[in-house]
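The values are calculated or read from the model by the stated rules, or taken from the named source; none is laboratory data. Only a predicted model underlies this, so the values are computations on that prediction, with no experimental measurement involved. Here the Cβ is made from the backbone with ideal geometry for all residues, glycine too, and neighbour counts use every protein chain on show. Protein only, heavy atoms only, side chains kept; ligands, DNA and RNA dropped before computing areas. Shrake-Rupley method; radii C 1.70, N 1.55, O 1.52, S 1.80 Å.
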Amino acid sequence: MGIRLLAPFPTPGAGIVENAFAALDRAAERSSAPLVVGGVSFGAHIAAAWSLRNPRRCAGLLIALPAWSGEPDGAPAARAAHLSARWVREDGLDSALTQATRDVRPWLARELHRTWRRHGADLADGLDAAARHPAPELAELRALDVPAGIATCTDDAVHPTSVAEDWARALPAADVRRSTLDALEHGRDPLGRAALLALLRAVSRR
């Protein structure tokens, strides 16, 4: 779409939430224009929360698979993250990956191997920190007056489509598009395309 991509990687570990906000702050400082901010799952929560903190520095949102609204309160993604952190601490990374990928789709197994190893020894603390951190409340999202594109996978029980739809109803200018986890086997394009199409639709509605 002609938008320059900045993909900051926050320092992992117990401070991953604060580090993610700081990474977006640095990206905004380097940019001469407001940012279209996005993320997947926990990254979606961070993007929306950062935009609430920085409304003049945000031009739009690209949100994929938001996992909950407000406090985690036993949300499936939070439970999965805490369980994964326990496996890492008790059994080590290799064993935790074996358990976490036993019954998942091949592409997700590859993604978990790639990303978990990237976090190294700080993985468990980072998982717990992300799982404890509240997402924006729906009432807060109602004040976020930027166009937002939201992507959801209708067969993803960990990131319920109902959450994405709640976010879309709460945001003043948002659209939601649907894909499936099965569609992601050959690349993440369907998820990104859904979010981009939803953003374009939200912009056109304004």
Might you let me know whether region 2-11 holds any residue that is in contact with a strand residue (DSSP E or B) (Cβ under 9 Å, 6 or more places away or on another chain), in a loop (DSSP other than H, G, I, E, B) and open to solvent by 70 Å² or more (accessible area, probe 1.4 Å)?
-> yes
Evaluate the following for residue 59: is it open to solvent by less than 80 Å² (accessible area, probe 1.4 Å) and either more than 27 Å from residue 162 (Cβ to Cβ) or under 17 Å from the mean Cα position of the chain (by Cα) (or both)?
-> yes
How many residues, within region 145-169, are free of Cβ contacts under 8 Å to residues at least 60 places away in the same chain and of a type in the set (Gly, Ala, Ser)?
-> 2
Only one of (1) open to solvent by 70 Å² or more (accessible area, probe 1.4 Å); (2) in a loop (DSSP other than H, G, I, E, B); (3) without any contact (Cβ under 8 Å) to a residue 60 or more places away in the chain fails for residue 86. Which number is that?
-> (2)
Does region 97-111 include one or more residues that are of a type in the set (Lys, Arg), touching a residue at least 24 places away in the same chain (Cβ under 8 Å) and closer than 26 Å to residue 50 by Cα?
-> no
